[in-house]
Amino acid sequence: MTPSSILKGTAVLLLLQGVSTIVLNLCGFKFPPALLAMLLLLALMLKGIIRPRTVEDVCDILIEKMGMLFLPAGVSILLYLDIIVAESTAIIATVLISSLLILVVTALFLNFMLKGKGGEGK
């Protein structure tokens, strides 16, 4: 990990973020620019235009610091704690129902995929 590799990776990520923000503003779409930037990065990496090594060092640093990046979300929870408590029943029900739904859909999909591979899931 060298300073130049970190700088190069940061420049690539910021360039993709800027391009995605400009494209979304020009098109008028309501879509998260960061998600579009990640999709652009994926496409460019799959095409071989950007090598994974280019952004690997900066991504390692971002993953190390991920906990700190969630700090603003934690502060927001504290700011709106009264609303969260008032709506706790709806929040808990939503989390439980969506978790159960995800579990069922994942199990059905896995079962379907295993059956499609010659009946290995039997």
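Selection of the stretch 46-55 for residues being within 15 Å of Thr2 (Cα to Cα) and surrounded by 13 or more Cβ atoms within 10 Å (Cβ to Cβ) yields Thr54, Val55.
Of the residues making up the stretch 61-78, those that are open to solvent by 100 Å² or more (accessible area, probe 1.4 Å) and in a helix (DSSP H, G or I) are Ile63, Glu64, Met68, Leu69, Leu71, Leu78. Looking at the structure I just gave you, is Leu41 of a type outside the set (S, T, N, Q), surrounded by 12 or more Cβ atoms within 10 Å (Cβ to Cβ) and part of a helix (DSSP H, G or I)? The answer is yes for Leu41.
Listed conditions (1) in contact (Cβ under 8 Å) with a residue 40 or more places away in the chain; (2) loosely packed, with under 10 Cβ neighbours inside 10 Å are all met by Ser4, apart from (1).
The values are calculated or read from the model by the stated rules, or taken from the named source; none is laboratory data. Everything numeric here is computed off the predicted structure, so don't read it as measured data. For neighbour counting, all protein chains shown are included, and Cβ atoms are generated from backbone atoms with ideal geometry for every residue, glycine included. With ligands, DNA and RNA removed, areas are computed over all heavy atoms of the protein, side chains included. Shrake-Rupley method; radii C 1.70, N 1.55, O 1.52, S 1.80 Å.
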